[in-house]
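What follows draws every value from the coordinates through simple rules; no lab data is involved. Note that the structure is a prediction, hence the values are computed from the model and not measured. Because the Cβ atoms are built from the backbone with ideal geometry, glycine has one as well, and the counts that use them run over all protein chains shown.
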Amino acid sequence: MLINGTPTRTIQPVVDARAVDIIDQTVLPQVYRILRLRTLAEVAHAIRSMQVRGAPLIGVAAAYGVALALTQRADDATLAVAIETLAATRPTAVNLRWALARLQAVLQTLPPSARADAAWREAATLAEEDVQQCRRIAAHGLQLLRAGSAQKGRLEIMTHCNAGWLATVDYGTALAPVYAAFDAGIDVHVWVSETRPRNQGLLTAWELGRHGVPRTLIADNAAGLLLQSGRIDAVMVGADRVAANGDIANKIGTYLKALAARAAAVPFYVAAPRSTIDFACPNGAAIPIEERDAEELRIVWGCDSAGRSGCLRQVTSDVVVANPAFDVTPASLVSALISERGVCAASSDALLDLYPEARHA
């Protein structure tokens, strides 16, 4: 996607320097800043602190974290520590463990002298696969949006959290069909839920604006009214994990939108690549829900009247806070899943029809 007219990806290897450049998403949308990561510890911190975020991007970042670790030392102990360290950073997004398992399978049989180069190659392959999967998600999702556009000229889409190109290497998941529709000349407008407490909706509004897509930012609690009043044609969200039965875990607040969409008879679509589908997880009840630092709820980030970025404390540290980062939307509330292989029902049979190789995994 474009930043100031320049094609940009969220993560980019700096091969000669044996480093990785990322967009620091913790300072967006106030500041656009590139960070250079050189060590395993820096990558682990970037994932944990959400300098990189979004399930597909987390997986690719972890792969590069392994490559950085093995660049320093490539013995079995270093590989094991790298895998363990990165796996512990975020518990809900399955892409992280999927990517680490893939690198471990490739690297553990190689001699130490060959591991670093192989890790860099495999991380780059994962990144490119993510881009191609998102392109195909865009194409399949565009078919759904074209059908809606044929019935009603202007399309009003609601989204939650950020499932655009900032959450992937490029293009995005739930926003990829929106970008494709906009580029195809379809009149599309996006209602962007702010997504507290991390406000990833602000990232969605920022990136949509860079691409020229019309959008309106709303408070999370305004979503039900908009759906109820008939102003929304479809809700499109991403996922951090899709269970084998079609239940989905996504950013906290997604379940409430799914309930409101069902009550308003508005389709609720979930876009996710293969790396987000966990066939080993039977249902949503088995998905671990990350509980994040209470300070994320007590503190708000923004800019003052002089344009200086900083934080403002809403409540004192003695106020008891619960901060679950995700919720689970049951498959019964999902109108369709959109993956790189096509559109299917949110059910175990439909997912296995789309990925028959998973029957024997």
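With K and R counted +1 and D and E -1, the other residues having a Cβ less than 13 Å from that of Leu2 yield a net charge of -1. Summing Lys and Arg as +1 and Asp and Glu as -1 over all other residues whose Cβ lies under 15 Å from the Cβ of Ala61 gives a net charge of -1. On full extension, the segment bounded by Asn283 and Ala322 gains 11.7 nm, given 0.36 nm per residue less the C-alpha separation. Projected label points at Asp304 and Ala118, each 7 Å from Cα along the beta carbon direction, are separated by 5.4 nanometres. Across region 104-249, the mean sequence separation of Cα contacts (distance under 8 Å, 6 or more residues apart), normalised by length, yields a relative contact order of 23 percent.
For the chain, what is the mean residue ellipticity at 222 nm derived from helices alone (per DSSP H run of n ≥ 4: -39500 (n - 2.57); sum divided by total residues; nearest 500 deg cm²/dmol)? Value at 222 nm, helices only, nearest 500: -12000 deg cm²/dmol. Within region 218-324, which trypsin sites (Lys or Arg not before Pro) sit in a loop by DSSP and count at most 16 neighbouring Cβ atoms inside 10 Å? In loop regions of region 218-324 (DSSP not H, G, I, E or B), the sparsely surrounded trypsin sites (Lys or Arg not before Pro) are Arg231, Arg308. Residues of region 241-281 with backbone nitrogen within less than 20 Å of a virtual label 7 Å along the Cα-to-Cβ line of Gln108, please, listed as ranges. So the set is 279-281. If the segment from Ala345 to Ala263 were pulled out straight at 0.36 nm per residue, it would be longer than the present Cα-Cα gap by 27.6 nm. On the basis of the beta-carbon distance and an R0 of 35 Å, Asp76 and Asp293 show a calculated FRET efficiency of 0.55.
Under the criterion of Cα pairs below 8 Å and six or more residues apart, the relative contact order for the chain equals 16 percent.
Placing unit charges on the Cβ atoms only, positive for Lys and Arg and negative for Asp and Glu, gives the chain a dipole magnitude near 460 debye about its Cα centre.
The Cβ shell under 13 Å around Tyr355 holds other residues with a net charge of -2, Lys and Arg each +1, Asp and Glu each -1.
Compared with the alpha-carbon gap, the fully stretched path from Ile34 to Arg313 is longer by 97.8 nm at 0.36 nm per residue.
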